[in-house]
1. Condition test on residue 160, is it assigned to a strand (DSSP E or B), touching a Leu at 6+ places or on another chain (Cβ under 9 Å) and among the polar types (S, T, N, Q)?
2. Is one or more of the residues making up the range 65-75 under 14 Å from the mean Cα position of the chain (by Cα), under 19 Å from residue 179 (Cβ atoms), in a strand (DSSP E or B) and modelled with pLDDT of 95 or more?
3. Taking the range 108-131 only, how many residues are aliphatic (A, V, I, L, M), under 19 Å from residue 43 (Cα atoms) and either part of a loop (DSSP other than H, G, I, E, B) or touching a helix residue (DSSP H, G or I) at 6+ places or on another chain (Cβ under 6 Å) (or both)?
4. Does the range 79-100 include one or more residues that are surrounded by fewer than 17 Cβ atoms within 10 Å (Cβ to Cβ), at pLDDT 95 or above, in contact with a Pro (Cβ under 8 Å, 6 or more places away or on another chain) and in a helix (DSSP H, G or I)?
5. Could you tell me whether the range 176-186 includes any residue that is modelled with pLDDT of 95 or more, acidic (Asp, Glu), assigned to a helix (DSSP H, G or I) and farther than 24 Å from residue 28 by Cβ?
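The values are calculated or read from the model by the stated rules, or taken from the named source; none is laboratory data. As the structure is a computational prediction, the values presented were derived from the model and not from experiment. Note: ideal-geometry Cβ built from the backbone for every residue, glycine included; neighbour counts use all protein chains shown.
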Amino acid sequence: MKPVVFLDRDGTLNVEAGYIRKLEDLHLIDGAAQSVQSLNKAGVAAIVVTNQSGAARQYYSQSHIQNLHKRLQMLLAEQGASLDAIYYCPHLPEGTEPELTMVCHCRKPAPGMVNRAFAEHPELSRQLSFVVGDKPCDVELAMSCQSRSILVKTGYGDASLQTLTAKNIKPDFVAEDICQAVDWILKQLPSSIQ
């Protein structure tokens, strides 16, 4: 069975920039590519799970979201890193695009994207799974999937830590950034895997 890290996108892998309307405004956080590459080299699956409600808000099309993900993959590939899969939720209960306005099972913290990843990649280990993100919904997703949770302080991380503390929710680890998060994850894995 293969360990897996479910990575949030905005504020975790790429710089938090709100709703990214121009492809060229997506930039990797320093060290993100090296961190993904470290997962690749250790034989750990790196899968993005991200809420992307811009289409539901009619800010842009779903094809724009897909093009942003192509840019993300290209920027990672330029530094020798790759993702095993990308899953995104385009839905929003209070959206304005009728086809995407709904309560769904995939919008984090609901576990739909993670469940889909496990269904489509049967080699992945639930016991050796981690969720990394900068928002309370990422930590809550980990809890609902029985994965270990890592909150990064980049993006909305600092504010999220206060919110989680107020709710008495404690991530398994709080990292300064994706680099520290991946370092911690690799130390949690059995030595036989690395």
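1. Taking the combined requirement at face value, the residue does not satisfy it.
2. First, pick out the residues of the range 65-75 that are under 14 Å from the mean Cα position of the chain (by Cα): 69, 72-73.
Okay, now just the ones that are also under 19 Å from residue 179 (Cβ atoms), so 72.
So of that shortlist, the ones also in a strand (DSSP E or B) come out as none.
No - not one qualifying residue is present in the range 65-75.
3. 3
4. no
5. Step one: filter the range 176-186 for residues modelled with pLDDT of 95 or more, giving 176-186.
Subset that is acidic (Asp, Glu): 176-177, 183.
Of the ones still in play, those that are also assigned to a helix (DSSP H, G or I) are 183.
In the following step, the residues that additionally are farther than 24 Å from residue 28 by Cβ were identified as none.
The answer is no; no qualifying residue exists.
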